[in-house]
Amino acid sequence: MSASSAPVRSVHAPDAVDQTVETRVLEERARWAMRIHDGLTQTVTSAVLELHTLRTRILADPAGAVASLSAVEAAIRADLREIRQMLFDLYEDQRPPEPPLAVFVDELLARWGLPASVTIDGDADAAPPVVLETAHAVLAESLANAAKHAGTLDVAVHIEAGETQMRIEVEDRGRGIGDADDGDPHFGLSMMRVRTEDIGGTLDIGSTPGGGTRVVALLPVGGRGEER
């Protein structure tokens, strides 16, 4: 066989389809990581904090400690249901609908035991799904950090939904953000910023030692916020 008739073999670089598949896989992994952090990580952390307080309460107030244990048990059982639902959603490739924003905030405050003041101006639930999903993430992380690190119950939540953007503000009068001591080195804060910027929004976190923390997220209702 002559050189001119020999079979030609070539090595191709990954094509656009391969790159698209890889991107989608990474996006899906990130979405599930966010869902686990927003849900299970925070509820388990809440239960751990409650169990920690029982170390001193169980001798001084046995009846109250038993009641708290019952609440922790109920929370853990709810987590188990959430795990089963997540496994089902993962198998079926489904995304559960987000609850109304006001209901979601009330659930967060009940979870963390925060008697925060809440104001919601405008029709926040009319925003595109991806904006609502990001809003839920910002609120969940901000209130979790306030409960875990602020050392105060003086927390205020204000949500303003306009025609072009949604503004979320969570402020506490606590001790400010320091080094995390719960095994989570501000991973949630970084994730919150990434999710906000991913839809074209901005996130500002202001914190001073002893001066509290203020989180302000501006989420676009139009443009990139309507994608997906």
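Entry remark, region 63-81: residues being open to solvent by less than 60 Å² (accessible area, probe 1.4 Å) and β-branched (Val, Ile, Thr) number 1 in total. Look at (1) surrounded by fewer than 21 Cβ atoms within 10 Å (Cβ to Cβ); (2) at pLDDT 85 or above and you find that residue 148 fails only one, number (2). Would you pick out the residues in region 151-174 that are farther than 22 Å from residue 50 by Cα, open to solvent by less than 40 Å² (accessible area, probe 1.4 Å) and charged (D, E, K, R)? Hit for region 151-174 is 169, nothing else. Just to be sure before I move on: is residue 128 modelled with pLDDT under 85, within 26 Å of residue 198 (Cα to Cα) and in contact with an Asp or Glu (Cβ under 8 Å, 6 or more places away or on another chain) in the structure I sent? No; evaluated as a whole, the condition is false for this residue.
The values are calculated or read from the model by the stated rules, or taken from the named source; none is laboratory data. Remember, it's a predicted structure, so these values are computed and weren't measured experimentally. Note: ideal-geometry Cβ built from the backbone for every residue, glycine included; neighbour counts use all protein chains shown. For the accessible areas, the whole protein counts, side chains as well, though only heavy atoms, and no ligand, DNA or RNA atoms are used. Shrake-Rupley method; radii C 1.70, N 1.55, O 1.52, S 1.80 Å.
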